[in-house]
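The values are calculated or read from the model by the stated rules, or taken from the named source; none is laboratory data. As the structure is a prediction and not an experimental result, all values here were calculated from the model. Note: ideal-geometry Cβ built from the backbone for every residue, glycine included; neighbour counts use all protein chains shown.
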Amino acid sequence: MNHFHEQRGALWAEGVALCRIADEVGTPTYVYSRATLERHLGVVREAFASVPTVICYSVKANSTLAVLSLFAKGGAGFDIVSGGELARVLKAGGDAKKVVFSGVGKREDEMVAALRAGILMFNVESAEELALLDRVGRGLGVRAPFSLRVNPDVDAKTHRYIATGLKTSKFGVPFEEAVALYRASRRMKGLTAVGVDCHIGSQLTDARPVKEAITRVGGLYAELKAQGFPLTHLDVGGGLGVTYSSEKPPGVAAYARAVLSATKTLGATLVLEPGRVLVANAGVLLTRVLFRKQTPAKRFVIVDAGMNDLLRPALYEAHHDIVAVKPRRGAKATVEIVGPVCESSDVLGHARSLAPLQGGDLLAVKTAGAYGMSMASTYNSRQRPAEVLVDGDDYRVVRKREALEDLWRGETP
């Protein structure tokens, strides 16, 4: 459910017309619905209310300060993958004690910053990373809390670029090596084992691989507890999918049942890492039609948003529904919705059936709240979009559009 709806023949976000935002802020602009963001966090919290749980929003999905601040005020923790994301979380008022640090390539300075901040734990992904974390902990005179991200070799049945739980993946520790690494950590004075971690991929549309993976990792958790490791947390990852076109992912309640059935006897505090499912359909990307172009093969609609503003279609061949904010009457035609970037991959929507469009018409790229602005770039020396947060009958700009001078800030001719 989201709070984007038709009203008086046009698309609105909560109580604000998207046409008004486009006229006052310009395009391209990302628009987020506060009510949708809050509702989604509440749905996840309710689904796992029966067990101790830490909801650690996956910052990489959308790292805008206003979004992070909203979730922090709602009691969420955060899953981070860089020192920059840690700094953003702290700037937004996040609680470091609810932060887990994931990712395969943590630098020493990032580990130091996270330990000084007092994070909940590091999700360690290799033997060499474990050794470095030990040295950092000893250097600071503390024991770094960690879990091993265990690779269960389970096919998440998602796009190959976002599947992370196979043995061919760069992520995690092979399942058969995990026990030996935990045992080795007992001899390391800068570490303390507090959990086990698992994450098999993103945009998951089937709960069965999730249950299979967590069942395997839950067995490891129980084995380690029996060996005397003081584990308290089981990080079950995130990745629950959303509907972009015809996908039918399990609802949050069904996902929760799969997780809870695999962990109910462990007595662990669960760590969840939802990202996309919280923010994806809480946001749209507004863009205006620049030109129409007919070739012998195709009919193009060229808009002012490109792959630098929304990379997912070019990177993953991902589908986003695209609708006219104020549709015109007339017979629909099949068109290519393309951006101005000088790449043939700059296609926001392929073979879309839309009513007649004219220059200046406003389009909304839907389900764009996740991996939109957080992956945006200044490629072609294009300014990144502005961002707006709608709250009831009003809105505020939460990120101004960059000035041209921002494009070369820090450079010298």
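Would you mention how many residues in the stretch 50-87 are free of Cβ contacts under 8 Å to residues at least 40 places away in the same chain, part of a helix (DSSP H, G or I) and surrounded by fewer than 19 Cβ atoms within 10 Å (Cβ to Cβ)?
So the count comes out to 5.
How about the stretch 1-37: which of its residues are under 20 Å from the mean Cα position of the chain (by Cα), closer than 19 Å to residue 385 by Cα and among the polar types (S, T, N, Q)?
Result: 29, 33.
Where residues in the stretch 352-408 are among the β-branched types (Val, Ile, Thr) and in contact with a helix residue (DSSP H, G or I) (Cβ under 8 Å, 6 or more places away or on another chain), which of them is surrounded by the fewest Cβ atoms within 10 Å (Cβ to Cβ)?
This residue is 378.
Out of (1) modelled with pLDDT of 90 or more; (2) within 26 Å of residue 18 (Cβ to Cβ), what's the single condition that is false for residue 243?
The number of the failed condition is (1).
So which of 315, 278, 310, 272 is under 28 Å from residue 199 (Cα atoms), of a type outside the set (Asp, Glu) and surrounded by fewer than 16 Cβ atoms within 10 Å (Cβ to Cβ)? Can you show your working first?
Working: 278 fails: surrounded by fewer than 16 Cβ atoms within 10 Å (Cβ to Cβ); 310 fails: surrounded by fewer than 16 Cβ atoms within 10 Å (Cβ to Cβ); 272 fails: surrounded by fewer than 16 Cβ atoms within 10 Å (Cβ to Cβ).
On inspection, the qualifying residue turns out to be 315.
Tell me, which strands (runs of 3 or more DSSP E) lie completely within the stretch 1-49 with 1 or more residues that are surrounded by fewer than 23 Cβ atoms within 10 Å (Cβ to Cβ)?
Qualifying strands (runs of 3 or more DSSP E): 4-7, 10-13.
With the structure loaded, tell me whether residue 115 is crowded, with 24+ Cβ neighbours inside 10 Å and aliphatic (A, V, I, L, M) or whether it fails that test. Even if it seems obvious, please write down each step before you answer.
On the way: crowded, with 24+ Cβ neighbours inside 10 Å: no; aliphatic (A, V, I, L, M): yes.
Taking the combined requirement at face value, the residue does not satisfy it.
Would you mention how many residues in the stretch 91-114 are closer than 21 Å to residue 75 by Cα and in a helix (DSSP H, G or I)?
Residues meeting the conditions: 5.
Would you pick out the residues in the stretch 181-211 that are of a type in the set (Val, Ile, Thr) and either surrounded by fewer than 19 Cβ atoms within 10 Å (Cβ to Cβ) or touching a Lys or Arg at 6+ places or on another chain (Cβ under 7 Å) (or both)?
192, 205
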